[in-house]
Amino acid sequence: HLHLVFPFLSIPLVSHLCSPSLSFTLSFILFFSSSTLKQEIDLGLKPSYLSPTQAPLPHTHTHTHTPFSQFTYEIAPVFVLMEQLTLKKMREIIGWPSGEGDGIFSPGGAISNMYSVMIARYKYFPEVKTKGMSAAPRLVLFTSEHSHYSIKKAGAALGFGSENVVLLSTDERGRVIPADLEAKILDVKQKGYHPLFVNATAGSTVYGAFDPINEIADICEKYNMWLHVDGAWGGGLLMSRKHRHKFSGVERANSVTWNPHKMMGVPLQCSAILVREKGILAGCNSMCAGYLFQPDKQYDVSYDTGDKAIQCGRHVDIFKFWLMWKAKGTIGFEQHIDKCLDLSQYLYDKIRNREGYEMVFDGPQHTNVCFWYIPPSLRGMEHNSKEYREKLHKVAPNIKAMMMESGTTMVGYQPQGQKVNFFRMVISNPAALQSDIDFLIDEIERLGRDL
Ligand SMILES: *Cc1c(COP(=O)(O)O)cnc(C)c1O
């Protein structure tokens, strides 16, 4: 019935802003901001309203950063419902039946990934919660050599040890090789350790690579392991009918990280950990603190979602995401994603065969386009010579420094494994145009010509 009380919460497929004139967009957002905040203010501003530990509304903001905390329903009823509804919608998009399952918004993809490791351990070794790691055999996590460092960090922070995070080999486009996963699982088993968890990255940070989820899921089923999909960077592609096939098999995952604050352009921070099994987040993390989470409240305490988190006070990250979804509609997000991917394809097509460019890998899967710019002075040189590699290694940092000094544009670079520094171009801003890409290429050539 709560959703009937707050009927404006539902998320539209198509935004009502068909012709998004700016002032109309702003007044629309203001309307929803104020009606949402009003619900909270009505509850929070009453002098007689005393929250357990902190004033729910120390000062009023009307922009998207709200000062509320979100541990119990009574403190933040509208935001709790908004979060429930949005998480359900995200689980539906993943493909879990009727959007059932669990989840919570966390302070970022690194923390969401850490949640996935915690829940996996709780699923197979629940006694670790009370007795500690000595209650379990030596547990091993598997993740790609191209995966985000947060998986290794979670291994270290949660007491597995970073040596028990096994890195998997990838193909030339940065995707995990399933046969390597199986070989490494067998190796770990032979040593008498317990293979617990596999992370498949959907949109790796540097290459934008999508690991083959279905083949990895087959292996996880065979060895009874937890499958996590890190879609922190790639998650936005789930909104696109054209690109979501890259997530094929994601519904077989036990948990998924999805960061609306990356590809979808929601202001930091906004990251969700989504879990297929209902109730397991609470099982893993709840401590049932008597001052917040009394079981005998007059309402359904399953709405007191805060005890699922490893935090106590929790920032309201859902509001700006919900507001954006409300304003753009599901279709609006799809257009945003498709546009960014089209633009990176434009960049790729433009430089693939252009003189002075070499691609780090062919066929980008996300908006990541990685390439070397070879200045004229290096073009005839033997590629494997030490001199060539040393010189090329300095090109991208030099060009970037000149870009920053002239204040015209900026693009990231990095080395990877044996590969010397290359440019890593990613596009997540839907306001970018082809002319911005043209300008970037012109700048690289202008600044790099005499290197
Ligand atoms: C950025 C990223 C993360 C970490 O996300 P934060 O929100 O910065 O903590 C995790 N995984 C991948 C693949 C990423 O690209």
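The values are calculated or read from the model by the stated rules, or taken from the named source; none is laboratory data. These numbers were taken from a predicted model, which means no experiment stands behind them. Cβ atoms come from the backbone with ideal geometry, glycine included; neighbour counts cover every protein chain shown.
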Exercise for the section: Restrict the check to segment 206-217 and report whether at least one residue is closer than 29 Å to Arg314 by Cβ, touching a residue at least 40 places away in the same chain (Cβ under 8 Å), more than 13 Å from the ligand (Cβ to nearest atom) and part of a helix (DSSP H, G or I). Expected result: no
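Conditions tested, residue by residue: (1) of a type in the set (Ser, Thr, Tyr); (2) modelled with pLDDT of 95 or more; (3) assigned to a helix (DSSP H, G or I); (4) touching a Leu at 6+ places or on another chain (Cβ under 7 Å).
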site	(1), (2), (3), (4)
His383	no, no, no, no
Lys391	no, yes, yes, yes
Val395	no, yes, yes, yes
Thr409	yes, no, no, yes
Tyr413	yes, yes, no, no
Phe423	no, yes, no, no
Ile427	no, no, no, yes
Pro430	no, no, no, no
Ile441	no, yes, yes, no
Practice task
Answer yes if at least one residue in segment 366-375 is closer than 15 Å to Asp442 by Cα, among the hydroxyl-bearing types (Ser, Thr, Tyr), crowded, with 16+ Cβ neighbours inside 10 Å and out of contact with any Ser or Thr (no Cβ under 7 Å at 6 or more places or on another chain), and no otherwise.
Solution key: yes
Handout entry: Asp317 under 19 Å from Leu85 (Cα atoms), within 16 Å of the ligand (Cβ to nearest atom) and either among the β-branched types (Val, Ile, Thr) or in contact (Cβ under 8 Å) with a residue 12 or more places away in the chain (or both)
Key = yes
Practice task
For residues that are touching a residue at least 24 places away in the same chain (Cβ under 8 Å) and within 21 Å of Pro376 (Cβ to Cβ), scanning just segment 410-437, find the one that is surrounded by the fewest Cβ atoms within 10 Å (Cβ to Cβ).
Solution key: Val411
Fill in the blank from the handout: Within segment 355-381, the residues that are aromatic (Phe, Trp, Tyr) and touching a residue at least 60 places away in the same chain (Cβ under 8 Å) are Phe361, Tyr373
Practice task
For segment 315-322, indicate whether the set of residues that are more than 19 Å from the chain's Cα centre (by Cα) and assigned to a loop (DSSP other than H, G, I, E, B) is non-empty.
Solution key: no
Fill in the blank from the handout: Here, helices (runs of 4 or more DSSP H) confined to segment 105-198 with at least 2 residues that are in contact with a helix residue (DSSP H, G or I) (Cβ under 7 Å, 6 or more places away or on another chain) and within 16 Å of the ligand (Cβ to nearest atom) are 109-124, 150-157
